[in-house]
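**Q** Got a structure here, written out as structure tokens. Questions coming.
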Amino acid sequence: MPPRSIVVTEAPWVPSMFNVRRPRRGQTTDRRSGAQRPYWELRWFVDGTELRQRFDRAGDASVFAAQLQDGFRAGWAYDGAARCFVDPSTRTPYDDGAPPATKQPAPATVGVPTVLEWTETYWQEKWSSLEPSSRSETARYLNRTRQHFVDVVPTDDEAAAVQVYLRKASFSVRDQPLSEAARIGLDWLTTHSLPLPEVGREEIEQFLTLNRINRLHPERQISPSSERRLVADLKQCWARAVERDLLASNPWDKVRLRTRATGGVRARSGKDALVADADVVLAPEQVFDLAEACVTEGTWGAEVRCFVLVMGLCGLRPSEATGLIVGDIDVSGPGPGWLTVRRSHRKVTARHLGDDEDPEWGPLKGRDVTDTRRAPVPAKLAALFREHLATFCASSGSHELVFRRSGRPFDLSVFSEDVWRPARASLFPLVAGLDPSSPIQPKLARLRRHDLRHSACSLWLRAGVDVTVCQRWSGHKRLSVFLDIYQGLIPGREDSGVALLEEALGTATTEADGARQPARPFAVADLKPEG
């Protein structure tokens, strides 16, 4: 019997050849902690087709191997979608009266996971390699597929119960009892979740159309970058199903996504890297003006001045500036100083955390928990920092926060409402009579907190600081990523380029017969090859 291609649409069959190997131990690196952890890989062959599966424990691999062997000896049919032998008493039979060449699979596909089941499997395998702040986002995106890919529309009561389960208990790392409403929601999803192969391109297009709507502002759409993040997680989830032979292809690969209006570059890693927009890069004087506007227009007072300046002059991300402690600031001398960045502030739901993980403080982006970096503090900002420490942190210890309100770290969402937006509106107002989201509106009217980091990196580059030093100060992991983002802000020889252009167009003069005469412009004939 020739080898068969095992695909999800193929009917279970009784194989003529089967062999299962002993589990083989291997090691892999945990992406989050960097520690080595073991795994056991099981390989088996069905009519010449090799299949593999990894297990975290040797006992699980051995039990699964024994089940495969027992199923083959019992003469059961092998289901390529479920990757196991199927007890004939539990699966839907095929029409045995039809000729073998025209057999069709039964309406109910046995062993194929539903969207609910597969997303749970993916989460269990993936969550340990995710940063805690990424877990909340991944869980949110997976929950949207659970809610959308169902076979019936729920009633209002059923929809409310589903929402309770998705918000409170879905993808929980910690064991916790389900409330009655959450149990009803889980039972409803278990009954009505679509089988994974029934999610095709048309269903995904409908899903994206619905999720492109901004949930806080329904009259707007989410940004293209947010859409790409949403699809990236879901594409990876479905790609793992393709690797396990549960699907023949990934339907998310066929979906066309919107592009970012301001453009992007293709990084060497093959992913789209967002380019810093020169139109929203502030000059140092504008950064100081914005910091003063945050003090006068906002409701938090002078405590926010250094918070804004440390982002606009030292290149800190907002979450990194929030986590600065008194001992991280070295401005004791009369001139410039240094600060150490060692952590970032985050908000992660407790149910997505392991027992040893901090729900509030995490490592620097893409770094280990022990990694730090240093950034320079200009002399003018150092003087303001000394004043800030004397005013707001006089009785604070070296491990206490530099920026806090009522003993708590700055809440960035509240900071945006109470301080950032009023200050931005006073310096960079919107054009009256135009829709606030109109592309004609000034770009600075939509200035983000993160754009201050771009202003700091632009300042370093224009001051002539070596790009490798800029990359070290900014904390980008690779120089290629830094250049992809900030290549448009590196100063160039534009003046000499304009002079050369003018000369080429004939507006310059040349020496001829001892007198200065206009240069002959280019003609079409000059561009034709001789002969």
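The values are calculated or read from the model by the stated rules, or taken from the named source; none is laboratory data. Given the structure is predicted, the values throughout are model-derived calculations rather than measurements. Cβ placement follows ideal geometry from the backbone for every residue including glycine, while neighbour counts extend to all protein chains displayed.
**Q** Scan the range 158-166 and tell me whether some residue there is charged (D, E, K, R) and crowded, with 17+ Cβ neighbours inside 10 Å.
**A** Yes, that holds for at least one residue.
**Q** Name every residue in the range 64-108 that is modelled with pLDDT under 80, hydrophobic (A, V, I, L, M, F, W, C) and under 28 Å from ARG24 (Cβ atoms), in order of residue number.
**A** Within the range 64-108, ALA81, ALA82 meet the criteria.
**Q** Just the residues that are assigned to a loop (DSSP other than H, G, I, E, B) and under 24 Å from the mean Cα position of the chain (by Cα), please, taken from the range 286-323.
**A** GLY315, LEU316, ARG317, GLY323, listed by residue number.
**Q** Let me ask something else about it. Out of all the residues in the range 409-457, which are small (Gly, Ala, Ser), over 27 Å from LEU489 (Cα atoms) and either in contact with a helix residue (DSSP H, G or I) (Cβ under 6 Å, 6 or more places away or on another chain) or touching a residue at least 40 places away in the same chain (Cβ under 8 Å) (or both)?
**A** none
**Q** Output the residue which, of all residues in the range 225-241 that are surrounded by fewer than 18 Cβ atoms within 10 Å (Cβ to Cβ) and farther than 16 Å from ARG144 by Cα, is modelled with the lowest pLDDT.
**A** Going through the qualifying residues, I end up with SER225.
**Q** Let me ask something else about it. For the range 175-200, name all the residues that are within 17 Å of GLU158 (Cα to Cα) and of a type in the set (Gly, Ala, Ser).
**A** SER179, ALA181, ALA182, GLY185, SER193
**Q** Among residues belonging to the range 326-382 that are in a helix (DSSP H, G or I) and among the basic types (Lys, Arg), point out the one that is nearest to the chain's Cα centre (by Cα).
**A** ARG351
**Q** Considering each of VAL295, VAL281 in turn, give the residue that is over 30 Å from ARG43 (Cα atoms) and at pLDDT 95 or above.
**A** None of the other options fit; the residue is VAL295.
**Q** Condition first: more than 27 Å from ALA241 (Cα to Cα) and under 24 Å from the mean Cα position of the chain (by Cα). Now tell me which residues in the range 175-221 satisfy that.
**A** Hits for the range 175-221 are ILE213, ASN214, ARG215, LEU216, HIS217, PRO218, ARG220, GLN221.
**Q** Given (1) over 20 Å from ARG453 (Cα atoms); (2) under 32 Å from the mean Cα position of the chain (by Cα); (3) of a type in the set (Lys, Arg), where does ARG386 come up short, assuming only one miss?
**A** (2)
**Q** Within the range 13-36, is there a residue that is at pLDDT below 85, under 24 Å from LEU196 (Cα atoms) and not in a helix (DSSP H, G or I)?
**A** yes
Here's the yes/no breakdown for (1) assigned to a helix (DSSP H, G or I); (2) under 30 Å from GLY80 (Cα atoms):
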position: ARG146; (1), (2): yes, yes
position: VAL152; (1), (2): no, yes
position: ASP157; (1), (2): yes, no
position: GLN163; (1), (2): yes, no
position: LEU189; (1), (2): yes, yes
position: THR209; (1), (2): yes, no
position: HIS217; (1), (2): no, no
position: ARG240; (1), (2): yes, yes
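**Q** Also, I was wondering about something else. Quick one: is ARG140 assigned to a helix (DSSP H, G or I), at pLDDT 90 or above, of a type in the set (Lys, Arg) and closer than 17 Å to VAL173 by Cβ?
**A** Taking the combined requirement at face value, the residue satisfies it.
**Q** Let me ask you something else. If I ask for residues that are surrounded by 15 or more Cβ atoms within 10 Å (Cβ to Cβ) and without any contact (Cβ under 8 Å) to a residue 60 or more places away in the chain, which ones from the range 204-224 would you list?
**A** Across the range 204-224, the qualifying residues are ILE204, LEU208, ARG212, GLN221, ILE222, PRO224.
**Q** From the list ASP451, ASP484, ASP435, ASP466, pick out the single residue that is surrounded by 16 or more Cβ atoms within 10 Å (Cβ to Cβ) and either aliphatic (A, V, I, L, M) or farther than 22 Å from PRO363 by Cα (or both).
**A** It is ASP484.
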